[in-house]
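Each remark here refers to the structure printed beneath this line.
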Amino acid sequence: METSLLYPVTNDQRTDQKLDGLWQFKFDETKQGVKDGWETGFHDGVSMPVPASFNDFFTDKESREYTGDFWYSRKFFVPSAAKGKALFLRFDAVTHRATIFVNGKEIRSHEGGFLPFTADISSAVHYGAENTVVVKGNNELSREALPAGDTITLRNGKKMVRPFFDFYNYSGLNRSVHLLTLPQERVLDYTTTFELNGQDATVNYTVTTNGDAPVTVSLADADGQVVATAQGKEGALQVKNAHLWQVRNAYLYTLTIQVGDDAQTPVDTYTDRIGIRTIKISGTNILVNDKPIYLKGFGRHEDSPFAGRAFDLNVEKKDFALMKWIGANSFRTSHYPYDEQVYKIADEEGFLLTDEVPAVGFKMAAAAFLGGLNQSFFKGPWLKKLHERHIDQIRDLIKRDKNHPSVLAWSLFNEPDTIDENAVPYFKQIFDESKDLDPQSRPRTFTLSEDDTIETSKVLDFPDFYMLNRYPGWYHFGGYQISDGEAGLRDEMDKWQKAGVTKPVVFTEFGADTEAGLHKLPSVMWTEEYQVEVLKMFSRVFDDYDFIKGEQVWNLADFQTVEGNMRVNGNKKGIFTRDRQPKEAAFFYHDRWNKLPLDY
Ligand code: GCB
């Protein structure tokens, strides 16, 4: 687990300089990099933008599909003024694993392609001089790592990934790299929890530092007026007439943590924006600030043309504009934690998000669907290592995201094989070990695939609410058979109802692949008309069952996947195209969602 995952800030005691831009880049198919001393830096690579996935910049297929080790190198300047400070590099995400070298010295390695890590480089740098940072990356998939898949070798000797999941294995320095100077004694982490008392609220906090200097915490409202202060590493801030963070009506306070005796010249200051709100599950209701809420929105991907899975603020701005226009209030970070800036925007815009770890592909049937094997996923030599990495990433995810008001729930798996007895001990371990990680005790859940029903799933006791991924009208009972698809879906919902479902049910995936611009009257599968028919069918069913507390359609936008006979250059279930233009279905949801009340 990382010691500190606080988002970088610049102030009197801290600096945050981004090392984005063009880096040097090389593939290392024959693993000669280490032998040839690439860790000291190189100039004979190709230039490669950061942040970006390297794949789509290449015009030859061997490079785009490259699987194995790859290296990035660049120079950066460390000013003399940084002497005496703690000095770190922060990588917001390297997909999927990385080893970091500074001036040829190995600093650390990291596993997991969607979460940040920091490298303490204080002992490796030259002050007042140029330094070299080198990243040795690797993008292979295995059953011992998240997300799960296999790496195979073709007869021509080239490696290739076989993901057990339905998104392209975009790789590289997908998010920003930061150079941080920090005070030696500093804030490492903080937590907040909330109690609402009538018009007022209590913000309970804890602060972790690496020293003994006293801590002062203050809270300022949106106008910058300090409304409460407290002393000590643990305490409570009393807020009179609190402005609550509400869904699609956000209000953010600024929390300032100061470390040091002297308020005028603190040894460290850390500021963040927080929202005061509570989240509870009560019966089949999801309560935000004790009021029931109906989720409307999407499963999404970090995916766009050119830079693949790179975080792009422009794409993100557009996605939020589309989600606001269409009347959405929520999304799931399917199938991995997103860039932290996404959560900041969601905080500001009042969106709720379900935060997912990359525990996807934990099912051999998924591998079979994609051309793999048919055996138990939860029984095999890979489980021990996989479990270690899984819980480690859950720890870092919660550590990173726990203070965001937008985070509604933690999704600990996507579509694992839960009809397999062998899944039960694994689930128990993951749920037991993650139980106390979130000070706000948010709900924990996972998505259930179509195989995993109230009759077949062995792990239905674990989640705090149910997330269902269902595809009648597409993978079965498609086209003219859609009426049978609807009947089957109703049969399934009747069974949940009859069983006396005691927790909320949210539909987190449903939809139909649709080629934008393809029309036919009457419809056929793949046309824009047919997508609307499928979505209308689901809406009719949702409207008839009270325990259904949300609809998050698959997907906000078309996205890249591996090539195959199930995919026409990617997954086309987007309500918008990959370049974010509306399909007919967008207007259907614009109409439906803007009319639905918040507590539908
Ligand atoms: C699913 C997966 C998602 C796929 C989707 C599909 O169940 O969770 O990753 O993209 O189905 O379109 O097949």
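The values are calculated or read from the model by the stated rules, or taken from the named source; none is laboratory data. As the structure is a computational prediction, the values presented were derived from the model and not from experiment. Methodologically, a virtual Cβ is constructed for each residue, glycine included, from the backbone with ideal geometry; neighbour enumeration extends over all protein chains shown.
Counting only residues that are part of a loop (DSSP other than H, G, I, E, B) and within 16 Å of the ligand (Cβ to nearest atom), the stretch 556-600 holds 18 of them.
Each residue in the stretch 489-520 was checked for being over 28 Å from the mean Cα position of the chain (by Cα), acidic (D, E) and farther than 24 Å from R332 by Cβ, and 2 of them qualify.
Each row is one residue, and each column tells you yes or no for (1) in a loop (DSSP other than H, G, I, E, B); (2) within 30 Å of A585 (Cβ to Cβ).
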{"site": "A230", "(1), (2)": "no, no"}
{"site": "T256", "(1), (2)": "no, no"}
{"site": "D261", "(1), (2)": "yes, no"}
{"site": "Y270", "(1), (2)": "no, no"}
{"site": "R273", "(1), (2)": "no, no"}
{"site": "F306", "(1), (2)": "yes, yes"}
{"site": "A310", "(1), (2)": "yes, yes"}
{"site": "K317", "(1), (2)": "no, yes"}
{"site": "M323", "(1), (2)": "no, yes"}
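Residues in the stretch 497-531 that are in a helix (DSSP H, G or I) and either touching a Ser or Thr at 6+ places or on another chain (Cβ under 7 Å) or within 16 Å of V568 (Cα to Cα) (or both): E528, E529, Y530, Q531.
Within the stretch 529-553, work out how many residues are surrounded by 22 or more Cβ atoms within 10 Å (Cβ to Cβ) and more than 28 Å from D355 (Cα to Cα). Residues that pass the stated criteria total 1. Test V534 against the stated conditions and say whether it is under 28 Å from L295 (Cβ atoms), in a strand (DSSP E or B), of a type in the set (V, I, T) and within 13 Å of the ligand (Cβ to nearest atom). Answer is no for this residue. Of the residues making up the stretch 401-415, those that are under 11 Å from the mean Cα position of the chain (by Cα) and away from the ligand (no atom under 16 Å from the Cβ) are D401, V407, W410. Taking the criterion of being among the charged types (D, E, K, R), surrounded by fewer than 20 Cβ atoms within 10 Å (Cβ to Cβ) and either within 15 Å of D319 (Cβ to Cβ) or touching a helix residue (DSSP H, G or I) at 6+ places or on another chain (Cβ under 6 Å) (or both), the residues of the stretch 554-591 that qualify are R578, D579, R580, E584. Annotation: E302 fulfils all but one of (1) of a type in the set (D, E, K, R); (2) within 16 Å of the ligand (Cβ to nearest atom); (3) assigned to a helix (DSSP H, G or I); the unmet one is (3).
No other residue among S539, S523 is touching a Lys or Arg at 6+ places or on another chain (Cβ under 8 Å), modelled with pLDDT of 95 or more and more than 13 Å from the ligand (Cβ to nearest atom) apart from S539.
Applying the criterion of at least 2 residues that are closer than 23 Å to Q246 by Cβ, of a type outside the set (D, E) and modelled with pLDDT of 95 or more to the helices (runs of 4 or more DSSP H) found wholly in the stretch 332-425 leaves 340-349.
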